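Quick notes on the structure that follows.
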Amino acid sequence: MRFSTSPGDILDDKVSTPRGLAIKVFDVAGERLPGSEGATTQDFLLVNGKAFATPNAKAFLANVKLLAATTDKAEGLKKVLSAVLGGAETIIEAAGGQSATLKSLGGHPKTHVLGESFFSMAPIRFGDYVAKLGVRPIAPALTALTDKPVHLDDKPNGLREAVSAFFAGQGGEWEVVVQLRTSADTMPIEDAHKPWPEDESPYLPVARLVVGPQASWDEARSPRINDASACSPWHGIAAHQPLGSIMRVRKAVYEASQAFRLTRTGCPLHEPAAVADLG
Ligand code: HEM
């Protein structure tokens with residue numbers, strides 16, 4: 001499991017953005033998705049929201065141009081902007097709303113990442129079915145962190161430090177949930193912006209993730225592991241093929257991003273065959 005925040009640039013955690021969770025599952029059998037032949041791992045990429053910021057790839061392009069123009073620039077300004085947007089998001093939430101755009105620009109509440117629930121936001125195949133996938137904390141020590149503020153003043157890696165402090169003393173347990181698509185009318189595949197109604201099809205538990213206490217970050221090993229590994233929604237088996245325009249566009253984008261990373265880090269990607277390969 002790799003926890004992250006969304007922007008491509010490495011920012012002070014005070015620039016508070018949506019939180020991500022990538023899960024790499026080992027020893028997965030089955031017909032492979034194109035581009036991931038030969039591997040035996042399955043990746044799931046999740047963000048702490050139930051729907052994507054835009055309906056489709058075209059609308060997303062307009063959004064991402066704004067983010068791209070400011071990537072790796074003006075970190076100081078982003079901190080100021082984040083503080084302002086965070087305030088605006090709090091007001092919107094108090095009025096019962098939420099703004100994905102404000103959150104993605106730095107207005108995400110400064111909350112502990114381990115209290116979050118994460119979702120695929122866009123659909124995937126689920127064997128003979130179509131579903132959205134989620135992961136939610138069930139260990140009481142984790143659910144106690146839901147919406148809990150985390151102190152990020154003068155702590156550029158405050159989220160990582162909070163995660164390390166948690167796992168130094170205890171493990172965690174999450175439930176994997178799926179929302180099956182039961183209606184073509186109310187549960188669109190091509191509009192990732194529209195949450196599927198949970199009164200028609202609730203998220204149902206299908207598995208549990210249990211992890212023990214551990215050093216979740218190791219300065220000697222973790223940077224190398226991060227440079228040498230990658231997760232993509234298109235890395236996995238055909239039974240979990242990503243669906244819809246947002247998902248289709250991600251195939252080429254993640255491949256390009258991983259190739260670009262290699263030009264910067266000089267570290268070729270090594271898809272691990274077993275957890276021990278990550279050591
Ligand atoms: C359903 C919507 C999406 C979800 C849930 C999602 C989630 C994630 C997560 C969790 C990561 C971090 C993966 C890791 O730890 O290795 C990630 C990375 C990334 N995402 Fe997305 N994402 C979504 C949509 C998109 C879209 C539409 C694009 C661009 C068209 C995009 C571009 C990227 C890129 C370039 C990376 C870095 C890949 C790498 O170099 O390894 N994502 N995403």
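Derivation of every value follows stated rules applied to the coordinates shown; laboratory data play no part. Because the structure is predicted, anything quoted here is derived from the model rather than measured. Glycine gets a Cβ as well: all are built from the backbone with ideal geometry, and neighbour counts include every protein chain shown.
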Output the qualifying pairs, or none if there are none: Cβ atoms under 9 angstrom, residues six or more apart or on different chains, first residue in segment 244-260 and over 29 Å from Ala184 (Cα atoms), second residue among the hydroxyl-bearing types (Ser, Thr, Tyr).
Glu255/Ser232; Ser257/Ser232; Gln258/Ser232
For segment 206-235, how many residues meet the condition of being over 19 Å from the mean Cα position of the chain (by Cα) and touching a residue at least 12 places away in the same chain (Cβ under 8 Å)?
7
Residue tally, condition of a type in the set (D, E, K, R) and in a loop (DSSP other than H, G, I, E, B), over segment 40-61:
1
Can you confirm whether Gly134 is within 20 Å of Thr5 (Cβ to Cβ) and among the small types (Gly, Ala, Ser)?
yes
With more than 10 Å from the ligand (Cβ to nearest atom), among the β-branched types (Val, Ile, Thr) and more than 30 Å from Ala51 (Cα to Cα) as the only criterion, which of Thr265, Thr182, Thr186 stands out?
Thr265
Residue selected from segment 201-230 under the condition surrounded by 14 or more Cβ atoms within 10 Å (Cβ to Cβ) and in a loop (DSSP other than H, G, I, E, B), by the criterion farthest from the ligand (Cβ to nearest atom)
Ser201
If you take the residues in segment 109-135 that are near the ligand (Cβ under 9 Å from one of its atoms) and assigned to a strand (DSSP E or B), which one is surrounded by the fewest Cβ atoms within 10 Å (Cβ to Cβ)?
Phe119
Quick one: would you say Pro233 is within 10 Å of the ligand (Cβ to nearest atom) and in a loop (DSSP other than H, G, I, E, B)?
yes
Out of the residues in segment 5-39 that are in a strand (DSSP E or B) and under 30 Å from Asp154 (Cα atoms), state the one that is farthest from the ligand (Cβ to nearest atom).
Ser16
Residues in segment 199-214: is at least one more than 25 Å from Lys78 (Cβ to Cβ) and acidic (Asp, Glu)?
yes
